[in-house]
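Asker: Here's a structure for you.
The values are calculated or read from the model by the stated rules, or taken from the named source; none is laboratory data. Keep in mind that this is a model prediction, so the values were computed, not measured. Ideal geometry is used to build each Cβ from the backbone, glycine not excepted, and the neighbour counts take in all protein chains shown.
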Amino acid sequence: MYIERLKDYVKIYLIGQPAKPIMTRMNVKAIEAKLDPNWFCWWHQSYKVPLSWIISFQKTRIVLGRLEILVGGRYAEAFLLKYRGEKKSR
């Protein structure tokens, strides 16, 4: 569903198991290398989300299923450009 960056580790939240994330000591760069950059985008300093799972978004938050994630100001513009481009390519 999404990836959460924390200080010394990363949490990976899976579909169907949002309450039990996978905790890894891999750094974010190693995980990003395994992800398609066209499908995932930083929405906040701590959250990388798959564009296809976004149900809706507003200026200050996105909705992934029942989860709401607040926006990080410096990521909003890049997210919006990538999100609009992804929607056009579907």
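Asker: Out of Lys7, Lys11, Lys59, Lys48, I need the residue that is touching a residue at least 12 places away in the same chain (Cβ under 8 Å), of a type outside the set (A, V, I, L, M) and exposed (fewer than 11 other Cβ atoms within 10 Å of the Cβ). Which one?
Answerer: Lys59
Asker: Could I ask something else about it? Can you go through Val49, Val28, Val63 and tell me which one is in contact with a Ser or Thr (Cβ under 9 Å, 6 or more places away or on another chain) and of a type in the set (A, V, I, L, M)?
Answerer: Val63
Asker: Going through the stretch 36-54 one residue at a time, which ones are of a type outside the set (Gly, Ala, Ser) and over 19 Å from Gly73 (Cβ atoms)?
Answerer: Answer for the stretch 36-54, where residues must be of a type outside the set (Gly, Ala, Ser) and over 19 Å from Gly73 (Cβ atoms): Asp36, Pro37, Asn38, Trp39, Phe40, Pro50, Leu51, Trp53.
Asker: To continue, here is another question. How about the stretch 14-45: which of its residues are touching a residue at least 24 places away in the same chain (Cβ under 8 Å), surrounded by fewer than 18 Cβ atoms within 10 Å (Cβ to Cβ), touching a strand residue (DSSP E or B) at 6+ places or on another chain (Cβ under 8 Å) and not aliphatic (A, V, I, L, M)?
Answerer: Pro18, Trp39, Gln45
Asker: Moving to a separate point now. Any residue in the stretch 73-84 that's over 9 Å from Trp43 (Cα atoms) and in contact (Cβ under 8 Å) with a residue 40 or more places away in the chain: show its pairings with residues that are surrounded by 11 or more Cβ atoms within 10 Å (Cβ to Cβ) and of a type in the set (Val, Ile, Thr) at Cβ separation under 9 Å, as long as the two are six or more apart or on different chains.
Answerer: Taking only residues 6 or more apart or on different chains, the pairs are Tyr83/Ile54; Tyr83/Ile62.
Asker: One residue is enough: does the stretch 65-80 have a residue meeting the conditions modelled with pLDDT of 85 or more and surrounded by 11 or more Cβ atoms within 10 Å (Cβ to Cβ)?
Answerer: yes
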